[in-house]
Amino acid sequence: MEPLVSICCITYNHKEYIRDALDGFLSQRTDFPYEILINDDASTDGTADIIREYEQKYPEKIRALLQTENQYSKGITNPSGAFNFPRVRGRYVAMCEGDDYWTDPEKLQKQVDYMEAHPDCSLCFHSARIITVDGSLSDKRMRPYPESRIVSPSEIVDKPQGYAMASMMFRSEIIRKLPKYYVNCPVGDTPLQLMAAATGYGYYMDQDMSIYRLGAAVSWTSQGKLGDYEAKQERYCRQMEETFMEFDRVTGGRFHKEAERAARRIWYLTKVNTKKYDVVMDKQYRDFFKELTPRTRFYIRFEVCFPRVYEILAKIARARQS
């Protein structure tokens, strides 16, 4: 029997986390069949051994592709598109990377029920809790909206907060032919959201049904902070601008203002990340500044007004963490 949902999972050195992800997939209670597609990018820590163990135990559900050579180092930056999407058999695709996991066994059923009843909905997503790598629960959440609601295509393109990758479900038809802006984008979630916006609307469920793990050593965010951070931020900003420009082109300018503003927001956030506070505090970017969390705004103002005190406190905090 063909699966209705294809779960797509990518892993690399996720030995400490992958069991949580796999158990979250396998615990789903559904009235339809689903498959679990995994691509491991030649992990060196034993992740592949754990995946083999689960695949042998659940061969009817798990289809693993275990790379023998690291594909990211060869320039394949979107492994989902290269290795998982071509194998998708389901009508819907649910995403979850190997260091995140699902917490609600009804997650897939809830999302499928909505999308089956609303054929114009191209993306269904939900809120997520955040935990740190030591397993402690953060008070932060990925909660882009305060209540469950329909999200217009324009809002999907131009939004102040991101959507958790592990919360996303979309129709598989959008990934049958991947656009240039997906292939060239430095991150995998943004172009998927853009592709969904181009074909329908979104629906947000205000329920925490997954966990986003903050600070994993091999995560894209953590890796981006190594080496010349400022140069990496500039490159990321440029690549994301190209992503939005190409999206604007292929959609015939339907979301021109939204795409421009989204690219500008990313530029602004790179200035926040690299502490270019003369730009960050400029009044012409007040709308973007207001989108930052109250905590972030407080620390920026504190560092700007009391730089010497801030540096002393920062040194103490770094000493305690080391």
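Laboratory data are not the source of any read-out in this text; all were calculated from the coordinates shown. Model, not experiment: these values are computed from the prediction. Because the Cβ atoms are built from the backbone with ideal geometry, glycine has one as well, and the counts that use them run over all protein chains shown.
Taking θ as phi - 60° and the Karplus parameters 6.51, -1.76 and 1.60, the scalar couplings of region 80-96 work out to 4, x, 7, 10, 9, 4, x, 9, 5, 10, x, 6, 10, 10, 10, 9, 6 Hz in sequence order, x denoting glycine and proline. Across region 119-186, the mean sequence separation of Cα contacts (distance under 8 Å, 6 or more residues apart), normalised by length, yields a relative contact order of 38 percent. When the Cα positions of 112, 127, 82 are compared along the charge dipole of the chain, 127 comes out farthest toward the positive end, with charges on each C-beta of Lys, Arg, Asp and Glu. Remark: relative contact order (the chain) = 17 percent; criterion is Cα-Cα distance under 8 angstrom and separation of 6 or more residues. Applied to region 188-202, the Karplus parametrisation 6.51 cos²θ - 1.76 cosθ + 1.60 on θ = phi - 60° returns per-residue 3J(HN,Hα) values of x, 7, 4, x, 5, 5, 5, 4, 5, 4, 6, 10, x, 9, x Hz, with x for Gly and Pro. Measuring r between the beta carbons of residue 318 and residue 173 and using R0 = 51 Å, the FRET efficiency lands at 0.60. Where (i) 63, 48, 38; (ii) 62, 53, 36; (iii) 63, 55, 31 are the candidate values, the label of the one calculated here for Cα extents along the principal axes in Å is (i). Just to be sure I understand: with springs between alpha-carbon atoms less than 10 Å apart, which residue in 236, 310, 163 has the highest mean-square fluctuation in the Gaussian network model of the chain? The residue that fluctuates most here is 310.
Less than 5 angstrom separates the built amide H of residue 133 from those of 214, all sequence-distant by 5 or more or on a different chain. GNM remark for the chain: springs join alpha carbons under 10 Å apart, and the peak mean-square fluctuation among 100, 45, 228 falls on 228.
A crude spin-label estimate for the pair residue 141 and residue 229, with each label 7 Å from Cα along the Cβ direction, gives 2.9 nm. Each helix, a run of at least 4 DSSP H residues, gives -39500 (n - 2.57); summed and divided by the residues of the chain, these come to -12000 deg cm²/dmol at 222 nm.
In nm, what is the difference between 0.36 nm times the number of residues separating residue 76 and residue 238 and their Cα-Cα distance?
56.5 nm
To the nearest ten degrees, helix 229-250 and the longest principal axis of the Cα atoms of the chain are 60 degrees apart. Listed by chain and number, the lysines whose alpha-carbon sits under 24 Å from that of residue 177, ignoring those within fewer than 8 places in the same chain, are 74. Axis of helix 107-117 versus longest Cα principal axis of the chain: the two differ by about 80°, to the nearest ten degrees. Once you reduce region 89-159 and region 258-322 to the center of their Cα atoms, the two points are 27 Å from each other.
Computed over the chain with a Gaussian network model linking Cα atoms closer than 10 Å, the most mobile of 182, 204, 114 is 114. With respect to the chain, whose longest principal axis is taken over its alpha-carbon atoms, helix 47-57 is tilted by about 30°.
Just for the chain, what percent of DSSP beta bridges are antiparallel, to the closest 5? Don't jump to the answer; show the numbers that get you there.
Working: 13 of 39 bridges.
The antiparallel fraction comes to roughly 35 percent.
Subtracting the Cα-Cα distance of residue 289 and residue 311 from their residue separation scaled by 0.36 nm leaves 5.7 nm. For residue 43, the residues whose amide H sits under 5 Å from its own are 13, 48, ignoring neighbours fewer than 5 places away on the same chain, with H placed 1.01 Å from N.
For residue 31 and residue 152, compute 0.36 nm times the residue count separating them, minus their Cα-Cα distance, and round to one decimal in nm. Let's see the in-between values first.
Values: separation 121, 0.36 × 121 = 43.56 nm, distance 2.91 nm.
Stretched fully, the residue 31-residue 152 segment lengthens by 40.6 nm.
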